[in-house]
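Asks: If you scroll down you'll find the structure; I have some questions about it.
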Amino acid sequence: MEIREAEDGDLPAILAIHNHVIATSTANFSYHAVDLEDRRAFLHDRRARGFPFLVAVEADALLGYASFGPFRPHDGFARTVEHSIYVAPAHHRRGVAALLMPALIARARDLGKHVMVGGLDAANAASIALHERLGFVRVGVMPQVGFKFDRYLDLLFMQKILAD
């Protein structure tokens, strides 16, 4: 498995993963599928702002992707980033996220970021366990702020202080 920066040629696979997550899970609280131009704009925005957009690939298959961007728009939050990570359904539980996340954390450190934040569905035990293994701690729960699949969802914030 190789971790590298995403390329435009990766966008169809990224789109398929993203839309599958939207349609089937609460890892993303969005309701509506997006198109290829949406993902292209997202990738190009990340690049333009100096943020990484990493993919995990094996042979010719894109297994998952991860990125981070601003946590909040105000200057005082410039050293804090919020990440997202998604894995193709056929590659769950193969360690894809466990390889992507350390690479993403390293990029944040290289960019002088101080804190990485993740907003997770508070019922997503697998994601919580992954984050805890990587040194993230639970810092707060916002009850019932999300709504998807006809139910309210709690949003768990986890963070990792990146300074050694």
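The values are calculated or read from the model by the stated rules, or taken from the named source; none is laboratory data. Only a predicted model underlies this, so the values are computations on that prediction, with no experimental measurement involved. In this analysis, Cβ positions are derived from the backbone assuming ideal geometry, glycine residues included, and neighbour counts consider all displayed protein chains.
Asks: Among the residues of the range 96-113, is there at least one that is closer than 22 Å to Ser25 by Cα, surrounded by 12 or more Cβ atoms within 10 Å (Cβ to Cβ) and among the charged types (D, E, K, R)?
Replies: No, because not a single residue in the range 96-113 is closer than 22 Å to Ser25 by Cα, surrounded by 12 or more Cβ atoms within 10 Å (Cβ to Cβ) and among the charged types (D, E, K, R).
Asks: Ok, one more. If a residue counts only when it is among the basic types (Lys, Arg) and over 14 Å from the mean Cα position of the chain (by Cα), which strands (runs of 3 or more DSSP E) contained entirely in the range 4-98 have at least 2 such residues? Walk me through how you get there before you give the answer.
Replies: Details: elements: 53-58, 61-70, 80-87.
Qualifying strands (runs of 3 or more DSSP E): none found.
Asks: Return the pair list, or none, for Cβ contacts closer than 9 Å from residues in the range 53-64 that are over 14 Å from His18 (Cβ atoms) to residues that are of a type in the set (Asp, Glu) and loosely packed, with under 12 Cβ neighbours inside 10 Å, at least 6 apart or on different chains.
Replies: From residues that are over 14 Å from His18 (Cβ atoms), the pairs are Ala56/Glu2; Val57/Glu2; Glu58/Glu2.
Asks: State whether one or more residues within the range 110-127 are under 24 Å from Ile22 (Cα atoms), touching a strand residue (DSSP E or B) at 6+ places or on another chain (Cβ under 8 Å) and among the basic types (Lys, Arg).
Replies: no
Asks: With the checklist (1) modelled with pLDDT under 95; (2) in a strand (DSSP E or B) in hand, flag the one item Asp164 doesn't pass.
Replies: Condition not satisfied by Asp164: (2).
Asks: How many residues does the range 86-119 hold that are under 13 Å from Ala163 (Cα atoms) and touching a residue at least 60 places away in the same chain (Cβ under 8 Å)?
Replies: So the count comes out to 1.
Asks: Then there's this: So, in the range 26-52, of the ones that are of a type in the set (Ser, Thr, Tyr) and touching a residue at least 40 places away in the same chain (Cβ under 8 Å), which residue ends up nearest to Ser84 (Cα to Cα)?
Replies: Within the range 26-52, the subset of a type in the set (Ser, Thr, Tyr) is 26, 30-31.
Narrowing the set further to residues that are touching a residue at least 40 places away in the same chain (Cβ under 8 Å) leaves 26, 31.
Working: Thr26: 13, Tyr31: 17 Å.
Applying the filter and picking the extreme gives Thr26.
Asks: Okay, moving on. Identify, please: which residue in the range 54-83 is among the small types (Gly, Ala, Ser), closer than 13 Å to Met116 by Cβ and in contact with a strand residue (DSSP E or B) (Cβ under 6 Å, 6 or more places away or on another chain) and is, among those, surrounded by the most Cβ atoms within 10 Å (Cβ to Cβ)? If you could, list the steps in order and put the result at the bottom.
Replies: At the first step, the residues of the range 54-83 found to be among the small types (Gly, Ala, Ser) are 56, 59, 61, 64, 66-67, 69, 76, 78.
So of that shortlist, the ones also closer than 13 Å to Met116 by Cβ come out as 66-67, 69.
Now drop any that are not in contact with a strand residue (DSSP E or B) (Cβ under 6 Å, 6 or more places away or on another chain), which leaves 66-67.
Working: Ala66: 25, Ser67: 23.
Looking at residues that are among the small types (Gly, Ala, Ser), closer than 13 Å to Met116 by Cβ and in contact with a strand residue (DSSP E or B) (Cβ under 6 Å, 6 or more places away or on another chain), I get Ala66.
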